[in-house]
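A.B. asks: Mind looking over this structure? Questions follow.
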Amino acid sequence: MHYLLFYDYAPDYLERRAQFREEHLALAWEAQARGELVLAGALAEPADMGVLLFDCDSPEVPERFAAADPYVRHGLVTGYRVRPWTTVVGEAAKTPIRPGVA
């Protein structure tokens, strides 16, 4: 199943992230190496949110990631939410649906 983890960033996120960025990136690359985290990054213009795509069996995986993330622990992320994502188009879709198939 795919899950999206949405981060809401604090207004001073860009100014404060440098001191926590290495630890945040290490956590993300470790999750990627385990096959849990597929893609992650900040939305731009404005940089007010982050989106992380997980491929895992339970929403507990992205929840644990967020709980361990220094961006969350130190208030750079003011809120987050995990949403299941029903993917239907693309090579990595979990429930592919082709045209003409009911």
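A.B. asks: Scan the stretch 30-45 for residues that are within 21 Å of Y9 (Cβ to Cβ) and assigned to a loop (DSSP other than H, G, I, E, B) and jot them down.
C.D. replies: L43, A44, E45
A.B. asks: Within the stretch 48-67, can you find the residues that are farther than 24 Å from K94 by Cβ and either surrounded by 13 or more Cβ atoms within 10 Å (Cβ to Cβ) or aromatic (F, W, Y) (or both)?
C.D. replies: The answer is D48, and nothing else.
A.B. asks: Next question. For the stretch 1-41, how many residues meet the condition of being over 14 Å from R73 (Cα atoms) and either surrounded by fewer than 16 Cβ atoms within 10 Å (Cβ to Cβ) or of a type outside the set (G, A, S) (or both)?
C.D. replies: The total comes to 25.
A.B. asks: Let me ask something additional. In this structure, does P59 turn out to be over 17 Å from E15 (Cα atoms), modelled with pLDDT of 95 or more, of a type outside the set (D, E) and in contact with a Lys or Arg (Cβ under 9 Å, 6 or more places away or on another chain)?
C.D. replies: Working: over 17 Å from E15 (Cα atoms): yes; modelled with pLDDT of 95 or more: yes; of a type outside the set (D, E): yes; in contact with a Lys or Arg (Cβ under 9 Å, 6 or more places away or on another chain): yes.
Spelling it out, P59 is indeed over 17 Å from E15 (Cα atoms), modelled with pLDDT of 95 or more, of a type outside the set (D, E) and in contact with a Lys or Arg (Cβ under 9 Å, 6 or more places away or on another chain).
The values are calculated or read from the model by the stated rules, or taken from the named source; none is laboratory data. This structure is a prediction, so every number in the text was calculated from the model and none was measured. Quick reminder, even Gly has a Cβ in these numbers, built from the backbone with ideal geometry, and neighbours come from all protein chains shown.
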